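Encoded as structure tokens, the structure appears first; notes follow it.
The values are calculated or read from the model by the stated rules, or taken from the named source; none is laboratory data. Since this is a predicted model, take the numbers as computed values, not measurements. FYI the Cβ positions are ideal-geometry reconstructions off the backbone, even for glycines, and counts take in every protein chain you see.
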Amino acid sequence: MKKVLLILCIVFSTTLFAQEEWGNVQNNTVTLNEIPPIWPGCESSSATSRKNCFNQKLAQHISKNFKYPAEEYKNNVEGKVIVEFIVNEKGMVEVKNVSGGTPALQAEAKRNIMAIPKMAKPGMMGGKPRAIKYTVPFTFKTGK
């Protein structure tokens, strides 16, 4: 009886751990949690703080690396560019789509996103590496 109780406790605690990190089981429906990639330097213990750190590092990266194309700025060309990208299963960025603005503005927005460093850890779902999709808007405004 003690052995059965011990085995049940081990199985039950393992099930709870798996549900907390990977997903939930409720009314015969399984929901898997998507865990975002971890930006280098954001390897803290809390999942919430890692997600906030990722968003903060992404914003810092974009603003630090933002360059208005000289010809477009000189000619007062403005526009909004949308970049859709993934962080793949290996933690590398892949641009999937760039839309809006002129070709020069699109190229600059794509260059900025492609300069994102390799993630410390890729996104996960169900305990396996998974590509995670992001969409970032770039607003080019000369202010003239």
Could you say which residue among Ala120, Ala115, Ala70 is loosely packed, with under 14 Cβ neighbours inside 10 Å and either free of Cβ contacts under 8 Å to residues at least 12 places away in the same chain or over 26 Å from Gly143 (Cβ atoms) (or both)? Ala70
Please pick out the residue among Lys118, Lys90, Lys80, Lys96 that is touching a Ser or Thr at 6+ places or on another chain (Cβ under 8 Å) and at pLDDT 95 or above. Lys80
Output yes when any residue across segment 124-142 is closer than 12 Å to Tyr68 by Cα, surrounded by 14 or more Cβ atoms within 10 Å (Cβ to Cβ), out of contact with any His (no Cβ under 6 Å at 6 or more places or on another chain) and not small (Gly, Ala, Ser), and no when none is. yes
Exactly one condition in (1) crowded, with 16+ Cβ neighbours inside 10 Å; (2) without any contact (Cβ under 8 Å) to a residue 12 or more places away in the chain is false for Gln106; which is it? (2)
